[in-house]
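First up is the structure itself, then whatever we jot down about it.
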Amino acid sequence: MNGKVLVLSHRKGGVGKTTSVIHLSTGVASLGYPVVAIDLDPQGNLGEFLGLGQADDTCNLLMSPQPEMMIDRVLTPVPHYPMLRVIRSNDRTLWAERSLSDPSAPRTLADALRAIIKALRTMPTDDGRTPFVMLDTPPGLGPMQVAALSVADYLIIPIHATFASETGIPKMITEILAIKDQTGSAAQLLGLLPTRFKERTIEHTTTLESLAQQFGPELIYPPVRETVRLEECPSRGLPIWDYDKECGGAQDYAKVILRFARDVGIRINNANRGGGQ
């Protein structure tokens with residue numbers, strides 16, 4: 001699985017993309033695998049969530065003709081997770097997106113992303129392993145999302161189990177297939193990840209059942225329940241494992257890690273089973 005790229009994307013905001021990137025990244029890093037999480041969203045929430053703040057690192061890498069010359073300077077370490085590094089974003093990422101989307105740009109946005117990923121894969125490491133790369137994207141299906149979907153190996157779509165999500169997912173999958181037709185490559189859909197799930201709400205349970213019937217139960221990831229502790233995590237600058245590892249949200253994301261590990265071939269031993277548990 002080393003060197004593979006996962007993107008979490010959805011046409012809507014507020015569906016738990018950043019929260020899920022953080023818990024997948026910290027969870028896989030806790031298993032002893034090197035991980036780099038890249039924030040492609042100009043809002044810069046990935047670094048903020050982890051208490052690292054914002055920076056124009058993503059912008060600088062995208063605009064650099066030789067990102068390999070600066071990659072080691074923009075990899076921000078995450079406290080308590082020695083195997084995890086973050087490339088932070090801020091509002092200048094939007095400027096880079098627009099600049100590289102211009103027809104007169106020296107390279108495309110997708111080519112710039114590929115160059116960053118190549119730099120990460122060829123960067124010298126102590127143990128010779130290349131990191132698993134996780135991309136956090138802004139909402140919508142603009143140039144950044146299209147570029148991320150075209151360079152990634154895998155895709156997970158975080159969703160809210162509501163009627164609106166149920167009707168929007170087929171359209172997004174159609175759009176992903178269109179990207180594959182246009183670019184010749186697109187991320188493999190691993191599954192739909194229900195977030196902020198309310199198991200006692202009829203709309204949520206029936207929507208999840210309907211999605212399982214429509215796409216097959218194998219494409220539905222374990223749902224992550226809505227909990228107060230998960231909502232509090234960003235203000236604490238901590239993933240749920242470090243804030244309240246006994247809460248339902250921590251248990252749910254641990255199941256997500258196990259499912260993801262199975263899907264991409266991560267080996268898990270009994271001594272270290274997901275998310276610092």
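Every number in this text was worked out from the coordinates using simple rules, so none of it is lab data. This is a predicted model, so every value here is computed, not measured. Please note: Cβ atoms are built from the backbone with ideal geometry, for glycine as well, and neighbour counts cover all protein chains shown.
Values (1) 17.5; (2) 13.8; (3) 19.2 are given for comparison; mean projected area of the Cα convex hull in nm², derived from the coordinates here, is the one labelled (2).
Nearest 20 debye, what's the magnitude of the dipole of the chain about its Cα centre given +1 on Lys and Arg Cβ and -1 on Asp and Glu Cβ?
That gives the chain a dipole magnitude of about 380 debye.
Helix content alone sets the calculated 222 nm mean residue ellipticity of the chain: runs of n ≥ 4 DSSP H residues at -39500 (n - 2.57) each, divided across all residues, give -13500 deg cm²/dmol. The fewest-to-most ranking of Trp95, Trp241 by surrounding Cβ atoms within 10 Å reads Trp95, Trp241.
Cα centroids of segment 129-180 and segment 211-270: 18 Å apart.
The mean sequence separation of alpha-carbon pairs under 8 Å and at least six residues apart, normalised by the residue count of segment 89-197, gives a relative contact order of 25 percent. Contact order for the chain, expressed relative to its length and based on alpha carbon pairs under 8 Å spaced 6+ residues apart, stands at 26 percent. Any idea how far the Cα center of segment 1-74 sits from the one of segment 79-101, in Å? Distance between centres, Cα-based: 6 Å.
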